[in-house]
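Reviewing the structure listed below.
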Amino acid sequence: MSGRPPEGPDSEEVEELLDELEELEETAEKPGERRVITQTIDLLDRLPGGRTFGIDDLAQQVVGGFILSAPFVVTEEVWALAAGMSTLQWGVTVAMVVLIGYGTLYGADEERSPDREGSVAGLPVRFLSLMTVSYLSVATLALVFNAPATFGAGVEATARAVSIGAIFSVVGAATADSVIG
C-alpha cells in the first residue's frame, strides 16, 4: 500500500458524465427519475473536476471586476452623479447590480443552476462572491486612488459612487466567471 488515495476521475470524464446526465434529466418523464438524476448531478458537481465554485472562479471574478470598473472610479462625472443621487436612485442602482449579477450567472449560462451550488442562507456562494467582488473591487480602487478625497466625497457619496462602479464591475466579474469558467 502506498498510502495515497486511489485516483478518481479526471475533469473531462466528470464533465462528460455531467453533460450526459443533464441531457437525460431533460428527457426523464417521471418526477422520481428526474429527482434521482438531479441528485446524482449534484454529487458529481462536488467531485474534484466537477463544477463547484473554487478559487479559480473567484480569481476570474476579481480580474473581471477590477478591469471593467477601474475607468469609472477615476471619472469625475461618476462622483458628481453619486453626489446628486437620491436614496431611491441609490437603491435602484444596488438592485441593478444584484439583477445583472444573478441574470448573468444563472440566466445566461444554461449549465449553471443556483440549486446545484453550495449556499449560505439560501444564496449561492458563487453569487455572494460575485456581489462581494463587485463592490469591494470598486471600493478598493477608490481608496487606492484616493478618489473620495480627490473628488471631495463624503462617506455617503463614496458609497453611492461605489454602487455606480459596481454596475460595471458586476458585468466584468460575472462575464469572466461565465466565459472563462
Computed lengthening from residue 99 to residue 179, 0.36 nm per intervening residue step minus Cα-Cα distance: 27.0 nm
Per residue Cα convex hull volume for region 50-98, in cubic angstrom? 91
For the ranges 19-31, 68-80, what's the packing order if you count other beta-carbon atoms within 10 Å of each residue, average per peptide, and put the highest first? 68-80, 19-31
May I ask for the equivalent-ellipsoid semi-axes of region 53-180, computed as the square root of five times each C-alpha gyration tensor eigenvalue and listed largest first in whole Å? 27, 15, 11
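Values quoted throughout were computed directly from the atomic coordinates according to the rules given, and no laboratory measurement underlies them. Note that the structure is a prediction, hence the values are computed from the model and not measured. For neighbour counting, all protein chains shown are included, and Cβ atoms are generated from backbone atoms with ideal geometry for every residue, glycine included.
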